[in-house]
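Participant: Take this structure first; my questions come after.
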Amino acid sequence: MIPRPGGVKGRWRAKGAGERRLVGGRRSPYPTAVASPFPIIVLGEHLDVSAEHFRPRSHRGPYDMTDVRGLRALPRLRSASFYDVPIDDEGLAFLCEVSTLKNIVLQGTRVSNDGLRQLARLPALTHLRLKDNPQLTDDGVPHLLAISRLQDLQVHETSITATALLPLARLPELSDLCVDDETGTEAELRELSRQMPRCELLVKGWGSLRAGELRS
């Protein structure tokens, strides 16, 4: 074994992207993260290749949604927030090419019911925020059923109704669902909660339901 400068054996750093670290005489199973020689710029944000979170500032515009393709260069990206950023169906299609995403915020966007079908391409997606999208209606709910690992869903301040949400009871990992007091009547919301007894149903402006019962 060749010692690195300083006489310490068994420790060296990778010199190029994808090379492995040797630590304590053992080869690491993970590639060493190496800074990109070129800047990664997406919607005006300068990003490092090791970035795990992406959130563009809403005041930066106008936006070219083809820029979202650049997120594919971030192998560790886990979450993306487009809060108050006018991402549309085209931008969402590019976003859904990033298979590592687990958490997506699409609050106050231009995504349509049909655009939601793209989310099924994300095998790791567990958290989805669709708040403040009045253009989203009951027609978009079938596409949410295709997100098999979904755990946390927020649909308050949309036009989605409690009745349309009933099929979500088939999602095995759904544990938190956020709606509002305009999603349905009290009776409809209680029935929705009874149909998904393992899920916490948070009703903005009212309270929290579990198995149809109001929680304190």
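The values are calculated or read from the model by the stated rules, or taken from the named source; none is laboratory data. Keep in mind the model is a prediction, meaning the values are calculated, not measured. Every residue, glycine as well, gets a Cβ built from its backbone with ideal geometry; the counts of neighbours run over all protein chains shown.
Participant: Looking at Leu128, Leu106, Leu119, which is the one that is under 17 Å from Phe82 (Cβ atoms) and in contact with a Phe, Trp or Tyr (Cβ under 6 Å, 6 or more places away or on another chain)?
Facilitator: Checking each option against the conditions leaves just Leu106.
Participant: While we're looking at this one, here's another question. Return the residues of region 122-149 that are surrounded by fewer than 16 Cβ atoms within 10 Å (Cβ to Cβ), of a type in the set (D, E, K, R) and within 14 Å of the chain's Cα centre (by Cα); say none if nothing qualifies.
Facilitator: In the first step, residues of region 122-149 are kept if they are surrounded by fewer than 16 Cβ atoms within 10 Å (Cβ to Cβ); the result is 123-124, 134-135, 137-139, 142, 145-146, 148-149.
Okay, now just the ones that are also of a type in the set (D, E, K, R), so 138-139, 149.
Scanning region 122-149 gives a single hit, Arg149.
Participant: Let me ask something else. Among all residue pairs at least 6 apart or on different chains, which show Cβ distances below 6 Å where the first residue, located in region 132-161, is assigned by TED's automatic domain parsing to the domain that holds Asp180 and the second is hydroxyl-bearing (Ser, Thr, Tyr) and surrounded by fewer than 17 Cβ atoms within 10 Å (Cβ to Cβ)?
Facilitator: Matching pairs, first to second residue: Gln151/Ser175; Ser159/Thr137.
Participant: May I pose another question? Any idea how many residues of region 174-190 are over 24 Å from Thr126 (Cα atoms) and of a type in the set (Asp, Glu)?
Facilitator: The qualifying residues number 4.
Participant: Name, by its number, the condition in (1) over 15 Å from the mean Cα position of the chain (by Cα); (2) farther than 13 Å from Met196 by Cα that does not hold for Glu173.
Facilitator: Every listed condition holds for Glu173 apart from (2).
Participant: When only residues in region 169-195 that are buried (at least 17 other Cβ atoms within 10 Å of the Cβ) and in contact with a Phe, Trp or Tyr (Cβ under 9 Å, 6 or more places away or on another chain) count, which is nearest to Leu128 (Cα to Cα)?
Facilitator: Once the filter is applied, the top-ranked residue is Asp180.
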